[in-house]
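Pasting in a structure now, in structure tokens, and then I'll have a few things to ask.
The values are calculated or read from the model by the stated rules, or taken from the named source; none is laboratory data. Quick caveat, the model's predicted, so the values are computed rather than measured. Here the Cβ positions follow ideal geometry from the backbone for every residue, glycine too, while neighbour counts run over all protein chains shown. All accessible areas refer to the heavy atoms of the entire protein, side chains included, with ligands and DNA or RNA removed. Shrake-Rupley method; radii C 1.70, N 1.55, O 1.52, S 1.80 Å.
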Amino acid sequence: MVEIEKAAEIGFCFGVRRAIDTLERIARERGSVETLGAVVHNRQVLQRLAGIGVRVADSIDDIRGNVVAIGAHGASPRTMEELRARQIRTVNTTCPFVLRAQKVAHRLARQGFVVVIYGDANHPEVEGILGWAGNNGVAMLDAARVAALGPPPRRLGVLAQTTQIPAHFTEFNRELIGIVLGKDSDVRIVDTICHDIRRRQTAAMEMAGRVDLMLVVGDRTSANTNRLVELCAAATTTQLIETADEIQAESIQGYRRIGVTGGASTAEQTINEVLAKLEAVGGPS
Ligand code: SF4
């Protein structure tokens with residue numbers, strides 16, 4: 001008999017819930033709505049939204065109407081200006097935690113700090129935050145890269161992509177300080193990691209320590225889902241799955257205790273489908 005456990009923190013995070021509620025309301029009122037880029041990184045959620053009239057515009061040139069929604073990941077000031085210039089109205093669903101990181105980057109850059117963002121430079125959230133740092137920002141995951149910028153800047157501000165792992169951010173800062181700290185250095189570190197992500201990661205790690213298989217349910221392109229996989233894999237065997245369809249009797253064979261968690265943009269319904277499939281395949285818990 002397989003024992004199946006569901007993590008305490010699952011379903012949409014506050015920011016994704018807020019963005020989806022807004023889109024659903026507008027789609028109901030207007031019949032349809034466009035978003036600039038994918039509003040969240042989750043294929044099942046995007047398919048459901050498409051069904052109620054939410055269309056993803058891949059770029060500003062691809063916007064067909066005169067209203068567009070900015071997703072939970074936010075956008076750079078340049079993007080916002082370009083939309084204004086084209087007289088396209090925006091519905092801003094940027095998550096408040098992302099807005100905070102944008103404001104921190106903007107403030108530090110204005111105060112003359114070189115802004116380092118601990119994060120993936122190609123992620124839309126980080127691209128947006130970088131935009132708020134103007135020409136004074138750089139994103140990296142390896143602190144050693146700061147040496148490539150030339151002589152260490154005297155004033156250096158550091159913040160994090162909201163979905164990063166707190167312990168890794170601490171480690172990054174330790175290494176960075178070792179490289180840049182010198183005479184008269186002014187280094188400011190602002191922890192911009194999202195509270196929801198912290199709770200979700202803590203709950204997942206705690207569970208990973210007690211089970212012999214962790215299933216992380218989420219999109220393979222979702223940054224926070226991949227962080228959960230990374231954390232759980234350090235404690236136990238971990239599999240990333242997008243839907244219940246990926247579960248086969250062979251893939252869970254031999255595991256007695258299975259833990260299930262999910263990314264911040266994974267609907268609770270998808271998690272419940274996974275739990276139902278596990279019970280069907282592995283026997284009731
Ligand atoms: S994971 Fe955190 S920062 Fe990202 S949308 Fe959700 S609440 Fe906001």
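Output the residue which, of all residues in segment 10-45 that are within 11 Å of the ligand (Cβ to nearest atom) and open to solvent by 50 Å² or more (accessible area, probe 1.4 Å), is farthest from Ile60 (Cα to Cα).
Among them, the one singled out is Phe14.
Among the listed residues Val190, Val229, Val216, which satisfies the condition of being within 16 Å of the ligand (Cβ to nearest atom) and touching a Cys at 6+ places or on another chain (Cβ under 7 Å)?
Criteria check complete, one pass: Val216.
Return the total of residues in segment 189-205 being touching a residue at least 40 places away in the same chain (Cβ under 8 Å), hydrophobic (A, V, I, L, M, F, W, C) and not in a helix (DSSP H, G or I).
2
Let me ask another. In segment 138-188, which residue that is within 11 Å of Val114 (Cα to Cα) and part of a helix (DSSP H, G or I) is most open to solvent (accessible area, probe 1.4 Å)?
Leu149
Look through segment 46-72, keep the residues that are away from the ligand (no atom under 16 Å from the Cβ), of a type in the set (A, V, I, L, M, F, W, C) and assigned to a strand (DSSP E or B), and return whichever of them is most open to solvent (accessible area, probe 1.4 Å).
Val56
State the number of residues belonging to segment 78-101 that are open to solvent by 10 Å² or more (accessible area, probe 1.4 Å), under 18 Å from the mean Cα position of the chain (by Cα) and not aliphatic (A, V, I, L, M).
Of the residues in segment 78-101, 5 are open to solvent by 10 Å² or more (accessible area, probe 1.4 Å), under 18 Å from the mean Cα position of the chain (by Cα) and not aliphatic (A, V, I, L, M).
Any residue in segment 122-136 that is crowded, with 16+ Cβ neighbours inside 10 Å, in a strand (DSSP E or B) and more than 17 Å from the chain's Cα centre (by Cα)?
Checked against the condition, which is being crowded, with 16+ Cβ neighbours inside 10 Å, in a strand (DSSP E or B) and more than 17 Å from the chain's Cα centre (by Cα), segment 122-136 yields no hits at all.
Thr221 passes all but one of (1) among the β-branched types (Val, Ile, Thr); (2) surrounded by fewer than 22 Cβ atoms within 10 Å (Cβ to Cβ); (3) farther than 20 Å from Phe97 by Cβ; which number fails?
The failed condition is (3).
Still on this structure, I have one more. For the condition within 13 Å of the ligand (Cβ to nearest atom) and out of contact with any Phe, Trp or Tyr (no Cβ under 8 Å at 6 or more places or on another chain), what is the one hit in Arg199, Arg154?
Arg199
Applying the selection to segment 78-100, what residues are within 16 Å of the ligand (Cβ to nearest atom) and either in a helix (DSSP H, G or I) or basic (Lys, Arg) (or both)?
Pro96, Phe97, Val98, Leu99, Arg100
Residue-wise test of (1) small (Gly, Ala, Ser); (2) over 30 Å from Thr94 (Cα atoms).
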residue: Val187; (1), (2): no, no
residue: Ala203; (1), (2): yes, no
residue: Arg210; (1), (2): no, yes
residue: Thr236; (1), (2): no, yes
residue: Arg256; (1), (2): no, yes
residue: Ala267; (1), (2): yes, no
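Take the conditions assigned to a helix (DSSP H, G or I), within 16 Å of the ligand (Cβ to nearest atom), buried (at least 24 other Cβ atoms within 10 Å of the Cβ) and in contact (Cβ under 8 Å) with a residue 40 or more places away in the chain and apply them to Ala75. Does it pass?
In short, no.
I would also like to ask the following. I'd like to know if segment 246-254 contains one or more residues that are open to solvent by less than 20 Å² (accessible area, probe 1.4 Å) and of a type in the set (Ser, Thr, Tyr).
no
Also, quick follow-up: How many residues are part of a helix (DSSP H, G or I) and open to solvent by less than 40 Å² (accessible area, probe 1.4 Å) if we restrict to segment 103-121?
Counting residues in segment 103-121 that are part of a helix (DSSP H, G or I) and open to solvent by less than 40 Å² (accessible area, probe 1.4 Å) gives 4.
Across segment 231-254, what is the number of residues that are in a loop (DSSP other than H, G, I, E, B) and either farther than 21 Å from Ala267 by Cα or not hydroxyl-bearing (Ser, Thr, Tyr) (or both)?
Total satisfying the criteria: 10.
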